[in-house]
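The values are calculated or read from the model by the stated rules, or taken from the named source; none is laboratory data. The structure presented is a predicted model; accordingly, all values stated were derived computationally and were not measured. Positions of Cβ are generated from backbone atoms using ideal geometry, with glycine treated the same way; all protein chains shown enter the neighbour counts.
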Amino acid sequence: MALLLLITAACGDSPAPAPTPLLSLVCPARIDTSSTTGGPIAVQVPAPTTAGGSAPVSVNCNTPAQFPIGSTTVGCTATDSKQRTASCSFVVAVTGPPRLRVTTFLAFGDSITAGTKSDPVTLRLIPAPYAYTVLLQSRLARRYTLQTPVILNEGEGGEFTTQGLIRLRPLLQLYRPEVLLLMEGTNDLLDLGRGADNAIVNLRQMIAVAKSLNIQVALATVAPQRPNGIRNRGAVAAIVPSFNDRIRALAASEAVVLVDVHAAMRDNLNLIGVDDLHPTEMGYSVMADAFYEAVVRAFEAPGTSAQMSVR
């Protein structure tokens, strides 16, 4: 009977309380945002998530009122009623408006740089809104809102590269651009014998002139020509692709930026006007796009500053 009473007493005891779960804190994932002005901005930051611990649990994050350009690390700490703590951190990355490392460009070449439009009646200098240099400057201005990119146009109608080589250095010394946009050689191809060879030699020397003045170079392939049109340019049109292959190789060997105008236009000869040579207004727009993409790729500066940490 005594044994039975002992068992009954043991069964009536209250169970031991379950241990309090460990306190944990989970921060939000990395936050990426941008500042349209380039200055610090307010960022809406989600609250971290807590689990476990003894209620009440308080959470404190050292979140700044505004986040500067760059990467800011925010630290958070949770504290429960028993003064146990857990911590975590996350990053808020703010990029500023894109910026160019260079803002002054000199466009140099023949009538296609100058902006000669092919129309049904005659060749004429096209209105400023349609020249590839004007379109390029407009595109760059829309992207780089805190800067003023300038495209200077020194195209010369009918120019061969031999003449261009003579003309180039004084203009570079006059304007002192940061980048030379070089597209020339189309007229040289009229000499089916040595025209392409002479053009490559002269283009290489033009690049050397620019480099000697600490001016960067973006070298463009030349636009396609229509082979079976009213101007009977079939023989010249046939050598344009191989000439452009040599321009691509020249850009690679000289370690300069390549602007592949020919690749952007070759599949749509409707971009070439009735003279089978000069681009249409849409053709100039496609050219501007090719230059724009090359400039952004080669000369855009990183959009963030060095990492920062808020403690």
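Here is how the numbers come out for the structure above:
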{"quantity": "Selection status of Ala114, out of contact with any strand residue (DSSP E or B) (no Cβ under 7 Å at 6 or more places or on another chain), under 30 Å from Val236 (Cβ atoms) and at pLDDT below 95", "calculated": "no"}
{"quantity": "Identity of the residue in the stretch 32-62, hydrophobic (A, V, I, L, M, F, W, C) and in a strand (DSSP E or B), that ends up nearest to Gln147 (Cα to Cα)", "calculated": "Ile41"}
{"quantity": "Hits in the stretch 136-161 (condition: closer than 17 Å to Ala210 by Cβ, of a type outside the set (A, V, I, L, M) and out of contact with any Lys or Arg (no Cβ under 9 Å at 6 or more places or on another chain))", "calculated": "Asn153, Gly155, Thr161"}
{"quantity": "Qualifying residue in the stretch 249-256 (condition: assigned by TED's automatic domain parsing to the domain that holds Gly185, under 19 Å from Leu106 (Cβ atoms) and in contact with a Phe, Trp or Tyr (Cβ under 8 Å, 6 or more places away or on another chain))", "calculated": "no"}
{"quantity": "Conditions (1) of a type in the set (Gly, Ala, Ser); (2) outside any loop (DSSP other than H, G, I, E, B); (3) at pLDDT below 95: number failed by Ala306", "calculated": "(2)"}
{"quantity": "Residues of the stretch 205-230 satisfying the condition of being surrounded by 15 or more Cβ atoms within 10 Å (Cβ to Cβ) and either farther than 19 Å from Leu165 by Cβ or basic (Lys, Arg) (or both)", "calculated": "Lys211, Ala223, Pro224, Gln225, Arg226, Pro227, Gly229"}
{"quantity": "Any hit, the stretch 143-161, residues being in contact with a strand residue (DSSP E or B) (Cβ under 7 Å, 6 or more places away or on another chain), exposed (fewer than 15 other Cβ atoms within 10 Å of the Cβ) and over 16 Å from Asp110 (Cα atoms)", "calculated": "yes"}
{"quantity": "Of all residues in the stretch 272-292 being among the hydrophobic types (A, V, I, L, M, F, W, C) and in contact (Cβ under 8 Å) with a residue 40 or more places away in the chain, the one that is surrounded by the fewest Cβ atoms within 10 Å (Cβ to Cβ)", "calculated": "Val274"}
{"quantity": "Residue check, Val240 surrounded by 15 or more Cβ atoms within 10 Å (Cβ to Cβ) and either in a loop (DSSP other than H, G, I, E, B) or free of Cβ contacts under 8 Å to residues at least 40 places away in the same chain (or both)", "calculated": "no"}
{"quantity": "Filter result (in a strand (DSSP E or B) and surrounded by 16 or more Cβ atoms within 10 Å (Cβ to Cβ)) within the stretch 74-86", "calculated": "Val74, Gly75, Cys76, Thr77, Ala78, Thr79, Ala86"}
{"quantity": "Any hit, the stretch 291-311, residues being β-branched (Val, Ile, Thr) and under 22 Å from Asn153 (Cα atoms)", "calculated": "yes"}
{"quantity": "Failed condition for Phe105, given (1) within 23 Å of Ala252 (Cβ to Cβ); (2) surrounded by fewer than 23 Cβ atoms within 10 Å (Cβ to Cβ)", "calculated": "(2)"}
{"quantity": "Output for the stretch 203-237, where each listed residue is part of a helix (DSSP H, G or I) and either closer than 17 Å to Ile272 by Cα or modelled with pLDDT under 95 (or both)", "calculated": "Gly234, Ala235, Val236, Ala237"}
{"quantity": "Residues of the stretch 41-78 satisfying the condition of being over 30 Å from Thr20 (Cα atoms) and touching a residue at least 40 places away in the same chain (Cβ under 8 Å)", "calculated": "Ile41, Val43, Pro64, Pro68, Ile69, Gly70, Ser71, Thr72, Thr73"}
